[in-house]
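The values are calculated or read from the model by the stated rules, or taken from the named source; none is laboratory data. Just so you know, these numbers come straight off a predicted model, no measurement behind them. In this analysis, Cβ positions are derived from the backbone assuming ideal geometry, glycine residues included, and neighbour counts consider all displayed protein chains.
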């Protein structure tokens, strides 16, 4: 969790919107300061001698991820037009209003837009999840950009749905996974087809239940289903005693 | 060398405790040893208490109540309690505070932990843990935890070696051994150039992954991973140091009867596989292993030096100090050795096979100069290898003093049927090193099948330890 926060923080500060991309030497020089500043805010204890090993390794990991991200931006000719961008708008697929923060918004030379979420993980599971049509996060970001609400909402309606591409950047293996593409983007891996129909339909059902006053409880087998069918690690079910206390067995759930 | 050294190899159930007690009683009866001048080292505090109480009972039975009382002043305990007592009694000779406080394990880890970031030799490894094989695992924890664990175990290993642990030549010997074990290598530049060119050819011909050309999910995932590997190998310098990447490139996916890849892909993949097979003769992994061991040994030596200084300044000792410092004092200050020897008539050591080099050095320094010494052990029961115990030390002693050997050849625990079985298995496991024990229990007396299991499991666990 902490490492992810630090990586996000450094990527945000190293590649500010509407600025020239720094070269590798500039990045390597700047990393220690960015990491130290981030640690000062999030985990000052990690600056002590006892944590020197963790500190050093974090620095190495952040530098590798940042250099790889810079290489991707260069090879794709991408320009950063927003970081930690607040989005709000409607979600037609869920029929609710949503808001959130997109880690990074990129503009490609052909004016296509990439809405990127940085993940401190490897691409393997993320690809599996997208192939299982179980994405939610970047899909909602894309919907918000196309259906903005509120005065200061980022409005990319003019760009068009086909030209807004949802993407995940997995910092552990330096991959960029894109949802669909009409034309290949250098340095990315594309997952064809729908990436979110399973989760959006499931969530729509839940929302409908809630709107009529029903609170469906999770069943015992949900964790297994989330993991095997949706490729989602069920942290919320596995690690939360309170949630577990309100879980019902499968028979009760169907009744 | 003293005049009465006795080395007693004693197999399981051969009556070694009885032998120690009767020998001590005999010495006491003949007034060759005074009760308060016994130095006996046992494996556990419980066995020390047991030994003391049996000797005391024997003395009381023979009406020697003064001697029974004097036994309380004798050195009878584990090697650590012996070390702690000697360190306290000879604190000034050692340059220690007379009331050194024993460090808790957590305090020790914290002290060492703070030194790790400062040890210059460790930094090349610390900066690239994954290159040296440290990765998160659910069992082992984070890469940092695993590296710290490796440093701590290296420190323990070096400290268990005594003065040899800080010998700069130790590293040269290790590296020489590694080179011999690794075997022949080829020039790395040629091997690297061949693989680099092969992956670049592939990446040029197939800049995007070809996973969409197959339908099976697992094949697609494999091809995607292959492409990612090829891309990074072509675009970055990871092939210079990433041997896991070389290894993965040796098994790229190629067409089979179910999955046909685009034309030209297989030839390029096969060229990569052939070039990556050069890993077997690549000197890179050996050089990394040498860099790793160099960093660990030098780093551990740097940390030990700084950690020792810190402990001295704060008047602290740890468990390893109880042995290492005592051995150092006895080695470096002959007056102290003489003073200790002046207080003892005999040295008795039980479970000798489980001593590590520094423990051996400490005990042998006393045993070889004491008027009488009785050393009991069984190499087949050496179980403390994980703490640096080395049964070869015991073997060397047997070889050096063959006339002092007085093995116990009987077994008092098991019936002949059990012993026949155990002796057969023992001979199979240990060959000529196994000394068959003659059963002394009457045939068919109360022995349950569980005894067979116990005896055999002891032998097997010893053999495979």
How many residues of the range A:34-60 are assigned to a helix (DSSP H, G or I) and either more than 9 Å from every other protein chain (Cβ to nearest Cβ) or in contact with a strand residue (DSSP E or B) (Cβ under 8 Å, 6 or more places away or on another chain) (or both)? The answer is 14
Filter the range B:150-172 for residues that are free of Cβ contacts under 8 Å to residues at least 24 places away in the same chain and surrounded by 14 or more Cβ atoms within 10 Å (Cβ to Cβ); the one that is nearest to the other protein chains (Cβ to nearest Cβ) is B:153
Going through the range B:204-224 in order, the residues found to be over 15 Å from residue B:254 (Cα atoms) and within 13 Å of chain A (Cβ to nearest Cβ) are B:207, B:208, B:217
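With respect to residue A:239, determine if the residue is surrounded by fewer than 14 Cβ atoms within 10 Å (Cβ to Cβ), more than 14 Å from chain B (Cβ to nearest Cβ) and touching a helix residue (DSSP H, G or I) at 6+ places or on another chain (Cβ under 9 Å).
Spelling it out, it is not the case that residue A:239 is surrounded by fewer than 14 Cβ atoms within 10 Å (Cβ to Cβ), more than 14 Å from chain B (Cβ to nearest Cβ) and touching a helix residue (DSSP H, G or I) at 6+ places or on another chain (Cβ under 9 Å).
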The condition of being outside the structural domain of residue B:154 (by TED's automatic domain parsing), surrounded by fewer than 14 Cβ atoms within 10 Å (Cβ to Cβ) and within 22 Å of residue A:176 (Cβ to Cβ) holds, among B:226, B:237, B:242, only for B:237
Residue check: is residue B:116 more than 18 Å from residue A:48 (Cα to Cα), out of contact with any strand residue (DSSP E or B) (no Cβ under 6 Å at 6 or more places or on another chain) and either touching a residue at least 24 places away in the same chain (Cβ under 8 Å) or not assigned by TED's automatic domain parsing to the domain that holds residue B:391 (or both)? no
_Hey, residue A:190 more than 14 Å from chain B (Cβ to nearest Cβ) and closer than 21 Å to residue A:130 by Cβ or not_ = no
Exception for residue A:71 within (1) more than 30 Å from residue B:141 (Cβ to Cβ); (2) away from chain B (no Cβ under 14 Å); (3) in contact (Cβ under 8 Å) with a residue 60 or more places away in the chain falls at (2)
Of the residues in the range A:121-177, those that are touching a residue at least 12 places away in the same chain (Cβ under 8 Å), more than 24 Å from residue A:12 (Cα to Cα), assigned to a loop (DSSP other than H, G, I, E, B) and away from chain B (no Cβ under 12 Å) number 5
